[in-house]
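Report on the structure given below.
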Amino acid sequence: MSRHFSFTAHVLLVVLGGLAIADRALAAMPPSGDQPTAWLAEYIAIDTSNPPGNEAAAVAFLRRLLHDHGITTRVLVSPAGRSSLYARLDANPEVDAGAVVLLHHMDVVPAGPNWSVEPFSALTHEGRMWGRGAIDDKSLGIAHLVAFLDLARSTRPLKRPIIFLAVADEETGGAQGTGWLLAR
């Protein structure tokens, strides 16, 4: 039980740390910083319903944004052809600290028949964006991306490495996403 608790506590600390980083990054955006909103709309418009997932299209989108900002990425493809994306900011090599992982999943549950808007339209209504993945989990992915890019631009040295990880296959158990990455 203590091992499970320790792992759970560690994951919670990583998530909370990632959210704190994202909050600071969003606060640091220039007042005309509508770019994250545009990115979220574009991300939501990518149909990553699982099955089948189609995460390769989401990987290409996120990879382009990271490359546009000079960040090197790695595409990790499971044996079943499910794509995940990895990027890393290195820290001061003199500090021996574990990495902070900003992890989100790219796939979404298939949209049912009772949607009041087109599920992949990213329609903005009354200050809210509507679409499959707007809450779970593409908005978190864009918050992570903004934080990651802010840290990449920062002149302050990092105390620990920061990893941006967008994974496949969470909605059907993660065996071809996080599960495969952990086993690998």
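The values are calculated or read from the model by the stated rules, or taken from the named source; none is laboratory data. Since the model is a prediction, treat every value here as computed from it, not as a measurement. In this analysis, Cβ positions are derived from the backbone assuming ideal geometry, glycine residues included, and neighbour counts consider all displayed protein chains. Accessible surface areas use protein heavy atoms only, side chains included; no ligands, DNA or RNA. Shrake-Rupley method; radii C 1.70, N 1.55, O 1.52, S 1.80 Å.
Some points to look at:
- Accessible-area composition of region 50-184, carbon plus sulfur, in percent [1.4 Å probe]: 53 percent
- Region 77-126: chymotrypsin sites (Phe, Trp or Tyr not before Pro) in DSSP loop, at most 13 other beta carbons within 10 Å: 115
- By the Kirkwood approach, averaging reciprocal distances over each pair of separate Cα atoms, region 143-184 gets a hydrodynamic radius of 12.2 Å.
- Taking all protein chains into account, the per residue accessible area for region 101-167 stands at 50 Å² (1.4 Å probe).
- Taking N as the residue count of region 60-184, its C-alpha radius of gyration divided by 2.2 N^0.38 Å amounts to 1.19.
- Whether region 107-178 is rounded, prolate or oblate, judged on the alpha carbon gyration tensor where a/c under 1.5 counts as rounded: oblate
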